[in-house]
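First comes the structure, then the notes that go with it.
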């Protein structure tokens with residue numbers, strides 16, 4: 001097999017990037033535009049040594065799971081890996097992803113629940129970053145970056161994020177087009193390179209204008225137009241971040257309207273959200289996830305809780321605010337936000353900035369229960385050893401956005417004398433390849 005060869009293949013699986021998986025001559029082929037159960041004519045577009053990359057050229061026999069995607073550009077932007085299959089099948093695949101992760105970690109007998117979702121698979125994202133481009137043909141246009149590029153795929157809307165983001169974006173493009181010279185740099189690039197949105201459940205919205213170039217007249221004029229038409233926009237900021245760089249935001253925020261934050265309510269807790277804060281993008285599913293976590297760990301009335309990786313305090317304040325609560329986080333601005341959120345909800349809680357082990361040792365802290373919600377890379381072996389071997393925490397709730405690192409960490413915790421409940425997958429990201437999980441570890 002070599003580049004440009006055409007071969008007929010039966011698609012065996014679908015990975016979390018939306019590529020169909022097949023095999024030929026003992027090598028795996030990842031095929032864009034194919035789903036499991038399809039029979040396709042595939043064009044080999046790249047030989048990567050141990051595997052091939054292919055593209056479906058012709059659908060010979062469609063899979064029983066295949067549907068017509070609602071989005072016209074999903075195959076180009078890569079955001080919705082599962083746009084071409086039924087949602088029932090998507091949930092089955094996601095459960096299989098979790099099962100596979102634990103099997104690969106050497107824990108094949110782990111009890112995995114079915115995937116939970118609230119039935120809503122569209123317009124659930126309360127956060128979006130929408131790049132802006134310009135061409136003589138299209139004028140100012142919005143869309144999404146093609147995978148691993150800075151090339152914008154034009155798209156007037158998205159079926160995942162809140163509809164108000166699309167409405168505001170349309171207004172911004174029209175305002176920019178009316179005065180093209182003001183909103184273009186000398187190099188012909190949009191002054192406003194991206195729009196960064198965050199929204200509460202009631203549609204109160206925070207807008208950050210990500211800038212290619214600082215141009216005060218342009219940003220203030222745009223702000224006035226947006227706020228005049230959309231009273232839900234409670235605050236507007238700018239963020240200067242020029243050039244084609246991998247980081248979307250710099251640290252250079254400037255407030256031009258409002259208070260610089262919005263509030264959302266999660267499980268009855270009122271939470272302040274700033275542009276740099278971590279907050280779950282699917283608020284309704286986050287409520288279900290956190291409530292399940294509280295049920296699993298079952299903290300007693302007089303037991304103490306430590307919320308590690310606490311961020312703005314969302315987990316602890318939403319479901320553990322009736323207990324003696326401590327939070328630890330390495331991002332100083334998040335810690336300050338957590339303190340404000342505790343005060344806002346009349347919760348007495350201690351929040352510390354620093355490495356978990358260092359803070360616990362220096363402050364001589366003890367806890368009955370710990371909540372872990374780490375980034376995708378999971379916990380460090382050192383932290384797990386510290387919590388499980390040295391401190392012997394009685395109960396540890398683990399919320400994970402990466403089944404592979406959850407399984408890896410679970411293996412270590414089980415080896416240190418803990419028992420694990422059933423693992424519960426929660427689909428906070430329908431139509432994408434991501435799935436969250438929650439489980440609880442108890443010291444034997």
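So, of the residues in region 357-374 that are in a helix (DSSP H, G or I) and within 20 Å of residue 443 (Cα to Cα), which turns out to be modelled with the lowest pLDDT? If you could, list the steps in order and put the result at the bottom.
So in region 357-374, the residues in a helix (DSSP H, G or I) come out as 357-363.
Of the ones still in play, those that are also within 20 Å of residue 443 (Cα to Cα) are 357, 360.
On the way: 357: 88, 360: 92.
Checked region 357-374; the qualifying residue modelled with the lowest pLDDT is 357.
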If I go through region 393-412 residue by residue, how many of them are farther than 19 Å from residue 99 by Cβ and either crowded, with 20+ Cβ neighbours inside 10 Å or in contact with a strand residue (DSSP E or B) (Cβ under 8 Å, 6 or more places away or on another chain) (or both)? 5
Number of positions in region 62-113 that are under 25 Å from residue 129 (Cβ atoms), out of contact with any helix residue (DSSP H, G or I) (no Cβ under 9 Å at 6 or more places or on another chain) and part of a loop (DSSP other than H, G, I, E, B): 5
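Look through region 286-331, keep the residues that are in a loop (DSSP other than H, G, I, E, B) and under 24 Å from the mean Cα position of the chain (by Cα), and return whichever of them is surrounded by the fewest Cβ atoms within 10 Å (Cβ to Cβ). Give the derivation first.
Keep residues of region 286-331 that are in a loop (DSSP other than H, G, I, E, B), which gives 298-303, 309-313, 320-323, 330-331.
From what's left, under 24 Å from the mean Cα position of the chain (by Cα): 309-313, 320, 330-331.
Working: 309: 20, 310: 26, 311: 22, 312: 29, 313: 30, 320: 29, 330: 12, 331: 17.
Filtering region 286-331 for residues that are in a loop (DSSP other than H, G, I, E, B) and under 24 Å from the mean Cα position of the chain (by Cα), the one surrounded by the fewest Cβ atoms within 10 Å (Cβ to Cβ) comes out as 330.
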When the residues of region 362-392 are filtered to those that are touching a helix residue (DSSP H, G or I) at 6+ places or on another chain (Cβ under 9 Å) and farther than 24 Å from residue 406 by Cβ, which remaining residue is surrounded by the fewest Cβ atoms within 10 Å (Cβ to Cβ)? 366
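Does residue 334 satisfy the criteria of being on the phi < 0 side of the Ramachandran plot, surrounded by 20 or more Cβ atoms within 10 Å (Cβ to Cβ) and at pLDDT below 95?
Yes.
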Limited to region 108-133, what total is found for residues that are buried (at least 17 other Cβ atoms within 10 Å of the Cβ) and without any contact (Cβ under 8 Å) to a residue 60 or more places away in the chain? 1
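The values are calculated or read from the model by the stated rules, or taken from the named source; none is laboratory data. Since we're looking at a predicted model, the values are computed, not measured. Glycine also receives a Cβ, built like all others from the backbone with ideal geometry; neighbour counts cover every protein chain displayed.
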